[in-house]
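Read the figures in this text as sums done on the coordinates, not as results from a lab. All of these numbers come straight from a predicted model, not from anything done at the bench. A quick note on method: Cβ atoms are made from the backbone with ideal geometry, for glycine too, and the neighbour counts reach across all protein chains shown.
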Amino acid sequence: MTILTAVLIATLFLTPPRADAQSGDTEWAAFTSMRQINDLLVVGDRVWVATQGGVLRFDRTTREYTRFTRLDGLAGNTILSIAQDSSGDLWFGSDGKGLSRMNVQTGNFDPPFLEFEGLSINVLLAYRDRIFVGTDRGVSVFLIEKEEVKETYRKLGNILSDTAVTSLAVFRQELWVGTAEGLAWADLGQPNLQDPDSWQSKSAISVRDLLLTNRGDPIIATKYGSISYNRLTNRLFDDFTQEPVTAVGVLLDGRPIVAGESGNFFRRDLPRSWTRVPGPIITDVRTLSRRDGGLWMGTGSGLRLIGLPQEQRPPLPREPAANRFFEMKLLDDELWVASVPNDQQESFGLYQKAADDSWTVHDRRSGMPIDDLVSLETDAAGRLWVGTWGSGVSIRQPGNDWLRMDQSNSILAG
């Protein structure tokens, strides 16, 4: 079985429609991993999350998750960005498949806007009657009422044309744009922002994230820390230098907070004055919430929350570790899936899907000999055999224990 065929079958596995899906007349359900988070947005009692497998919604009242994929009307399953406009509708930017809008009144998705097909919509910013769409080729202005692209800014000051946009922010009528090659800002009241001379810019800065404070001061996350901008001197200055910063957020009191690569968090008290926030070490933070009672964060392994009691924190969703599906076997009412065909790709172990659609990951941390679990077979007794890449065979026993056979204890020695 090729990996393409396996991915297609595993992500569109034939089952009755799920209760939380906008399924229409279809009999297909999509199973994707939503552990890897790219963006999040807190709206009242709901947390909306853009993931590598679609959109995940967490209800803080019921403590339940709802998942949305292409089968529910999304433009694509890899969602990079989220925004909410003034009417309350939600917008989702995909990786190459267009722009999606969810109508909050109906709970349904409109047909995707394909003007951005082929582009990675890295960031979305709702502002008045428009959505600023940051892609891998500049910033576009999408008019909400007219449902059309008004114009695109591809050359921002002295920054290279068609540079990937990583972050957007507005203060009063000033638009700030963070890119992989620099930082740019411009007054939105100017007549022609397609003219590069309408923008002020600073090149040679790779911006990871961007936040504007209550006073309009930018907090700019980079691989060296964070920098800010002095409007009086028109100069950027090093603001936080203790370690690389991956994301910037805002606490409920309005103070900025940054996530460091080490897993620590730091609160800004004054320019150049930061205090470490006591708490757990959380690494691979990709996005932080803005002004909520606790600090919500999206990481490479799921949704996290600090600053609120344990009972308010989201449970870990039981799902595959990643969107990689290779060889599969049905055993009784369960689906078993190997995540890789060999040791040449990042491995995520073995996935087990139960009849209730919950997933369990079997890997080295759960007692398997290795993460490179590459082949599956069942025998006449109904036992599952799992072949590894270089570490023998594991056989599932009655009671759900595993028997390990390798060169040290079996015929494999010969």
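Using only the Cα atoms of the chain, what semi-axes does the equivalent ellipsoid have when each is the square root of 5 times a gyration tensor eigenvalue? Give whole Å, largest first. The answer is 42, 25, 20 Å, longest axis first.
Fully extending the segment from ALA180 to GLN194, taken as 0.36 nm per residue of separation minus the present Cα-Cα distance, adds 3.1 nm.
In this simple spin-label model, placing a label point 7 Å from the Cα along the Cα-to-Cβ direction at both SER375 and ALA204 gives a separation of 5.5 nm. Applied to region 336-349, the Karplus parametrisation 6.51 cos²θ - 1.76 cosθ + 1.60 on θ = phi - 60° returns per-residue 3J(HN,Hα) values of 10, 9, 8, 8, 9, x, 7, 9, 8, 10, 5, 9, 10, x Hz, with x for Gly and Pro. Taken over the alpha carbons of region 328-413 as equal point scatterers, the Debye sum produces base-10 log I(q)/I(0) values at 0.15, 0.19 Å⁻¹ of -0.52, -0.84. One chain, two ends: GLU27 and LEU403. Fully extended at 0.36 nm per residue, the span grows by 131.6 nm beyond their Cα-Cα distance.
In this structure, THR241 and SER87 have a Cβ-Cβ separation that, at R0 = 45 Å, corresponds to a calculated FRET efficiency of about 0.60.
Full extension of the chain between LEU160 and TRP389 yields a length gain of 78.0 nm, computed as 0.36 nm times the residue separation minus the alpha carbon distance. Of all the options MET368, MET297, MET34, the one that moves most in a Gaussian network model of the chain with Cα springs shorter than 10 angstrom is MET368.
Who wins for biggest fluctuation among THR135, THR69, THR241 in a Gaussian network model of the chain, springs between alpha carbons below 10 Å? Comparing THR135, THR69, THR241 in a Gaussian network model of the chain, the most mobile one is THR241.
Computed from label points 7 Å out along Cα-Cβ, the spacing between ASN234 and ASN108 is 5.3 nm. Just grab the label-to-label distance for GLN173 and ASN342, each label 7 Å out from Cα along the Cβ direction, in nm (one decimal). Using points 7 Å along Cα→Cβ, the separation is 6.0 nm. When +1 charges are put on Lys and Arg Cβ atoms and -1 charges on Asp and Glu Cβ atoms, the dipole computed for region 29-312 relative to its Cα centre reaches about 620 debye. For the residues ARG404, ARG290, ARG46, a GNM of the chain with alpha-carbon springs under 10 Å puts the largest fluctuation on ARG404. Over the chain, Cα pairs under 8 Å with separation of 6+ residues give a relative contact order of 9 percent.
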